[in-house]
Amino acid sequence: DILLGLLSDVLDISKIESGKMELNEKDVPLAASVKALVQTYKFRNNKNVKFNVNIDPQIDFDVVADQTILNQVLLNLIGNAAKFTGEGEICTTVSLIEEIGDYVNVGFSIKDTGIGIEEDQLQSIFESFKQGSKQTKLRYGGTGLGLSIVKRLVSMYKGDIQVKSTVGVGSEFSFNMMFKRKIEDQK
């Protein structure tokens, strides 16, 4: 599993860097997709962690998106939150930032009560093969590619990602993505 994960990450980075990552877009029920994804994580995690999801009631429409890419971004961030949160809560929030013609700018946030990230590590956390401290790498493992991939996938949808964190309190990763709104759902 570890080797397959590493190989998959390396292939993803290679495809993105070479411009060969193709979008396979279709209609995606955004709210239902995020809820289902968080629900599956509840069953995968056996820790004392509560998973919450908050969806803006304005997001009652489908978007045209690559479901695999959206899932990869969310699974990576929720997976990291679960990995670094022994107990407490992980909250996934989705909100409508703005509507621009046929497009919607959607904000996502994954906030946890985990171990947090050292302030001096926050600047490089999205670089390839970078992780938190050496102690974190030794204890939790990983390749340091996940967040780099996430940043690049988010940028494919004209988005940006940020992180706020306090050691011992938790972290919050927030990002936005610009999607075309499904035709029938447009106002």
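The values are calculated or read from the model by the stated rules, or taken from the named source; none is laboratory data. Just so we're clear, the structure is a prediction, and the values are computed from it rather than from any experiment. FYI the Cβ positions are ideal-geometry reconstructions off the backbone, even for glycines, and counts take in every protein chain you see. Accessible surface is based on the protein model in full, side chains and every heavy atom, while ligands, DNA and RNA are left aside. Shrake-Rupley method; radii C 1.70, N 1.55, O 1.52, S 1.80 Å.
Taking the conditions exactly as written (open to solvent by less than 70 Å² (accessible area, probe 1.4 Å) and at pLDDT 95 or above), does residue 94 satisfy them or not? Even if it seems obvious, please write down each step before you answer.
Working: open to solvent by less than 70 Å² (accessible area, probe 1.4 Å): yes; at pLDDT 95 or above: yes.
Yes.
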So is residue 155 surrounded by fewer than 16 Cβ atoms within 10 Å (Cβ to Cβ) and farther than 21 Å from residue 85 by Cβ or not? yes
Long-range neighbours under 6 Å by Cβ, at least six apart or interchain, first residue at positive phi within region 168-183, second polar (S, T, N, Q): 170/113
Tell me whether region 41-54 contains one or more residues that are closer than 20 Å to residue 161 by Cα, of a type in the set (S, T, N, Q), touching a Cys at 6+ places or on another chain (Cβ under 9 Å) and surrounded by fewer than 20 Cβ atoms within 10 Å (Cβ to Cβ). yes
Note on region 152-162: residues of a type in the set (A, V, I, L, M), more than 11 Å from the chain's Cα centre (by Cα) and modelled with pLDDT of 95 or more are none
Against the condition open to solvent by less than 50 Å² (accessible area, probe 1.4 Å), at pLDDT below 95 and in contact with an Asp or Glu (Cβ under 8 Å, 6 or more places away or on another chain), how does residue 143 come out, does it pass? yes
Restricting the search to region 55-69, which residues are part of a strand (DSSP E or B) and either β-branched (Val, Ile, Thr) or open to solvent by 10 Å² or more (accessible area, probe 1.4 Å) (or both)? 55, 62, 63, 64
Which of (1) within 28 Å of residue 117 (Cβ to Cβ); (2) at pLDDT 90 or above; (3) open to solvent by less than 50 Å² (accessible area, probe 1.4 Å) is the odd one out, the single condition residue 16 does not satisfy? (2)
Could you tell me whether residue 72 is open to solvent by 20 Å² or more (accessible area, probe 1.4 Å), at pLDDT below 90, closer than 17 Å to residue 153 by Cα and assigned to a helix (DSSP H, G or I)? yes
Could you tell me whether region 118-133 includes any residue that is hydrophobic (A, V, I, L, M, F, W, C) and modelled with pLDDT of 85 or more? no
